[in-house]
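The values are calculated or read from the model by the stated rules, or taken from the named source; none is laboratory data. The structure presented is a predicted model; accordingly, all values stated were derived computationally and were not measured. No Cβ is skipped: glycine too gets one built from the backbone with ideal geometry, and neighbour counts run over all protein chains shown. Quick note on the areas: whole protein, heavy atoms, side chains included, nothing else; ligands and nucleic acids left out. Shrake-Rupley method; radii C 1.70, N 1.55, O 1.52, S 1.80 Å.
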Amino acid sequence: MAEPFPNRQWGSNTNLLARAATKFAATKPGSWFIRQITPLDRAVLERTDAKYTILGPIGAPVILLTTIGRKSGQPRTQPLLYVHDGDTLYVIGSNFGQERHPAWSANLLANPKATVAIAGQRIPVRADLVETGKDAIFARFVEVTGAYDAYRSRTTRDLRIFALTRT
């Protein structure tokens, strides 16, 4: 078994603030708001190597995923919620239920080598598209925030889920 990823989550996803945030995030205005604060959150995450996030108090587990742009060849960094499973991290290309897959997921399909910043560490990873067991993994994302059910209902595309493992 590979070395487990650090597990640093602060806050609670069951407190009153988190429950309200989850309901709000599931709405279209809530999704818009989260997309607007993403640059600020990215700055906090980058400065702390994903030790802190503005979503931390509501118990949102967030990493920074850096992929290589499939067209540009340049590093592209995106903050993402994740599900922790010891030596595997799962990320989902929900894109807030928009019609298109997020660019980072296409980057991983073109080049599965990436870097994850988590709990103050930067770790090289390999991304594998999850083909089987997606429903069980998706259910774990819904446990993190019920907004994922809303995201899935807004689109007809199959949401890509990736398993990230250390290289």
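Within the chain, which whole H helices from DSSP have a Cα span along their axis of at least 20 Å and a mean Kyte-Doolittle hydropathy of -0.5 or more, if any? Mind dumping the intermediate values first?
On the way: long enough: 28-48 (29 Å, -0.44).
Membrane-span-like by this criterion, though nothing is claimed about a membrane: 28-48.
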Using only alpha carbon pairs under 8 Å that are at least six residues apart, calculate the relative contact order of the range 1-140 and give it in whole percent. 25 percent
Please label the shape of the chain as rounded, prolate or oblate, based on the square roots a ≥ b ≥ c of the eigenvalues of the alpha-carbon gyration tensor (a/c under 1.5 means rounded; beyond that, a/b larger than b/c means prolate, else oblate). rounded
Taking the Cβ of PRO102 as the centre, find all other residues whose Cβ is under 12 Å away and add up their charges (Lys, Arg: +1; Asp, Glu: -1). +4
Accessible area, 1.4 Å probe, largest first: how do ASP85, ASP135 sort? ASP135, ASP85
Around THR156 (Cβ within 12 Å, Cβ-to-Cβ, excluding THR156; K/R +1, D/E -1) the net charge comes to +2
Ignoring everything but the protein chains, give the 1.4 Å probe accessible area of LYS113 in square angstrom, nearest 10. 140 Å²
Ignoring everything but the protein chains, give the 1.4 Å probe accessible area of ILE92 in square angstrom, nearest 10. 10 Å²
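Let me check I've understood the local charge: for ASP49, count other residues with C-beta under 11 angstrom from its C-beta, Lys and Arg +1, Asp and Glu -1. What total comes out?
Around ASP49, the charge tally is +3.
With a probe of 1.4 Å, find how much accessible area the chain has per residue, and write the answer as a whole number in Å². If you can, show how the numbers build up before the last one.
Details: 8700 Å² over 167 residues.
Counting only protein heavy atoms, the per-residue value for the chain is 52 Å².
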Residue-span extension gain [ARG47 to LYS28] - 0.36 nm each, minus C-alpha spacing: 3.9 nm
Gap in Å between the Cα centre of the range 16-80 and the Cα centre of the range 107-167? 14 Å
With a 1.4 angstrom probe the carbon and sulfur portion of accessible area for the range 9-167, in percent, totals 54 percent
Once you charge only the Cβ atoms, +1 for Lys and Arg and -1 for Asp and Glu, what is the size of the charge dipole of the chain about its Cα centre, to the nearest 20 debye? 500 debye
